[in-house]
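> Below: one structure in structure tokens.
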Amino acid sequence: MKILYVYGTAKGNSVVLTLRKMQYDVMEYPKTQNNSAMDKEEIDEIVAYIKEHNITHLMSIHLINNIAVAAYWSGIKYIPIIWDAPYLRPYTVVGKLDNVWYSVFDKLDCQRMQEGGCPHVMYQPLSVDRDKVLQWNSKKRVAGKYISDISFVGNLYEKNDYDRCLDRIPANMQEYFRSIFEEAAFKWDGINRVYGKTSKEILEYIRFVSPTFKMHNVFEVEDVRYFEVAYLIRKLANIERICVLDMLSEQHEVFLYTNSEVETSLLPGVRIRPPVPDGEICSFAYAGTKINLNISLKGIEGGTPQRVMDILGAGGFVLTNYCQETAELFEEDKEIVMFRTPEELLVKVDYYLTHEQEREQIAEAGHKKVLECYTYEKKLQQLLEWVERT
């Protein structure tokens, strides 16, 4: 097996280093590829490179169309490792090629992809680079000298498609969508209250009243599904994250590390900081926070986000919204702590800020579980064995 790893918009250096540690023959393609655009000239170059270097497998983070086609033309297998959910890119002619083997971290997304025509899809939890985590040694370097009480690292989705097209949505439909947000927001019990609330007739009505309303749905999914995923889910995340951070900041010190453009009037009590780079600096920030908050997109229904894995890998304490899959991976209140309502969130924040020993014991147990069970080495070994036997 000779693997060519291709870089797209997502980083994947840990994948390459781990594969080499596992004694796989791995090359890195010299040109970064765009995740969406297809270019015949570029594909021809990749095919020539594959032939010249006797490549047998291609790999990347997320699906890259140029790579999928180049692999197909070369008669070799392509392995995209998916970090996002819900993930729509596979719902295209290219995404359903029979030489593509997907690793997907959301169980429900995995099931939908299988039912939607993707021939090879495997569920795998996300993972951490064990060697780097041990090298950074963030928890011991912090040694109890915390930077902040509560922090959230992530996007506020303030630039979402729903807000961008709000002036083209009729007032009565805006009211209807607000009712969906009110019903779905701040309930983290594992039930998705967004999907199924929009219909083809609703979208037709919006287009009839506002002919300038257009969706750029290039995937083989119904417009209703695309609208719920691309418009409603992200707007709901915007509402939840801003409101939760504002609520917590009324009583506690809260840091937000983000590249979002935040109006200070929306989060007057939150200390807004630039995004922390992935890797050692981010790990240090997680280890240096008493309570690391995770508020997942409602579209992540059956998976545990990379943020959670990275926090635990750094030795940080995680307080996350409830997810059944997370409860299966980690023992609740022993390795990770979850909340289902804003009231429960407030109670648990107050409790764990004042029970330091218990908080640190949970963080340590979660750290051990990740390093034992959810590492790149274990994941890649399982993935490549599956690819070879199917």
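> Give me the one-decimal Kirkwood hydrodynamic radius in Å for the chain, with the sum taken over alpha-carbon pairs.
The answer is 22.3 Å.
> So if each residue of separation counts as 0.36 nm, and I subtract the Cα-Cα distance between Gln324 and Asn137, what length gain in nm does that give?
Extra length available between Gln324 and Asn137 comes to 64.3 nm.
> Something else about it: Any idea how far apart Glu52 and Asn155 come out in nm if each label point goes 7 Å out from Cα toward Cβ?
About 3.5 nm, to one decimal.
> Using +1 at the C-beta of Lys and Arg and -1 at the C-beta of Asp and Glu, which of Val244, Val218, Tyr176 has the Cα lying farthest in the positive direction of the dipole of the range 95-245?
Val244
> When a footprinting reagent is the concern and you count Cβ atoms within 10 Å, what order do Arg20, Arg307 take, fewest first?
Exposure proxy ranking, most exposed first: Arg20, Arg307.
> Another question about this same structure. For a quick check: sort Trp101, Trp83 by the number of other beta carbons within 10 angstrom, fewest at the front.
Least crowded to most crowded, the residues run Trp83, Trp101.
> Using Cβ contacts closer than 10 Å as the measure, can you line up Cys282, Cys373, Cys110 from fewest to most?
Cys373, Cys282, Cys110
> Of all the Cα-Cα pairs you can form in the range 235-390, what percent are over 29 Å apart?
Beyond 29 Å sits 19 percent of the P(r) for the range 235-390.
> Any idea how far apart Tyr146 and Glu332 come out in nm if each label point goes 7 Å out from Cα toward Cβ?
Result for the modelled spin labels: 2.3 nm.
> Just to confirm a number: summing +1 for Lys and Arg and -1 for Asp and Glu over residues other than Leu245 whose beta-carbon lies under 14 angstrom from that of Leu245, what do you get?
Working: positive: Arg241, Arg271, Arg273; negative: Asp149, Glu158, Glu240, Asp246, Glu250, Glu253, Glu263.
That sum, taken over residues with Cβ under 14 Å, equals -4.
> Between Arg271 and Arg168, what is the FRET efficiency for a Förster distance of 35 Å, r being their Cβ-Cβ separation, to the nearest 0.05?
In this case the efficiency is close to 0.45.
> I would also like to ask the following. Could you give the distance between the Cα centres of the range 86-131 and the range 26-78, to the whole Å?
The two parts, judged by their Cα centres, are 18 Å apart.
> Pairs of Cα atoms under 8 Å, at least six residues apart: use those to get the relative contact order of the chain, whole percent.
Dividing the mean separation by the residue count of the chain yields 17 percent.
> Shifting gears a bit: Looking at the range 249-303, which GluC sites (Glu not before Pro) are in a loop (DSSP not H, G, I, E or B) and have at most 15 other Cβ atoms within 10 Å?
Here the GluC sites (Glu not before Pro) that fit, given the DSSP loop and packing criteria, are Glu250, Glu261, Glu263.
> 222 nm [θ] for the chain, helices only, -39500 (n - 2.57) per DSSP H run of 4+, per residue, to 500?
Calculated mean residue ellipticity at 222 nm is -13000 deg cm²/dmol.
> Further question: Please work out whether the range 102-147 counts as rounded, prolate or oblate from its C-alpha gyration tensor, where a ≥ b ≥ c are the square roots of the eigenvalues and a/c under 1.5 means rounded, while otherwise a/b larger than b/c means prolate and anything else oblate?
Values: a/c = 7.46, a/b = 3.24, b/c = 2.30.
Cα axes put the range 102-147 in the prolate bin.
> Any idea which of Ala37, Pro90, Gly316 is furthest toward the positive side of the dipole for the chain, if Lys and Arg beta-carbons carry +1 and Asp and Glu beta-carbons -1?
It is Ala37, whose Cα lies furthest towards the positive end.
> I would also like to ask the following. Of the trypsin sites (Lys or Arg not before Pro) in the range 71-174, which ones lie in a loop per DSSP and count no more than 15 other C-beta atoms within 10 Å?
Lys145, Lys159
> Another question, then. Multiply the residue separation of Lys378 and Tyr351 by 0.36 nm, subtract the distance between their alpha-carbon atoms, and state the gained length in nm to one decimal.
Extra length from Lys378 to Tyr351 when fully extended: 6.2 nm.
> Between Arg20 and Ser210, how many nm apart are label points set 7 Å from Cα along the C-beta direction?
In this crude label model, Arg20 to Ser210 measures out at 5.1 nm.
> If you don't mind, there's one more thing I want to ask. Which net charge results when you count Lys and Arg as +1 and Asp and Glu as -1 among the other residues whose beta-carbon is under 11 Å from that of Arg164? Walk me through the numbers on the way to the answer.
Working: positive: Lys159, Arg168, Arg234, Lys235; negative: Glu158, Asp161, Asp163, Asp167.
Every neighbour counted, the sum reads 0.
> Sort the range 102-181 into rounded, prolate or oblate with this rule: let a ≥ b ≥ c be the square roots of the eigenvalues of the Cα gyration tensor; rounded if a/c is under 1.5, and if a/c is not under 1.5, prolate when a/b is larger than b/c, oblate otherwise. Before the final figure, lay out each step's value.
Details: a/c = 3.75, a/b = 1.37, b/c = 2.75.
Because a/c hits 1.5 or more and a/b fails to exceed b/c, the range 102-181 counts as oblate.
> Turning to a different aspect of this structure: Dipole of the range 131-373, Cα-centred, from +1 at each Lys and Arg C-beta and -1 at each Asp and Glu C-beta, to the nearest 20 debye?
Charge dipole of the range 131-373: 520 debye, to the nearest 20.
Where a number appears in this text, it was derived from the coordinates with a stated rule and is not lab data. Just so we're clear, the structure is a prediction, and the values are computed from it rather than from any experiment. Reconstructed Cβ throughout: ideal geometry from the backbone, glycine too, with neighbour counts over all protein chains shown.
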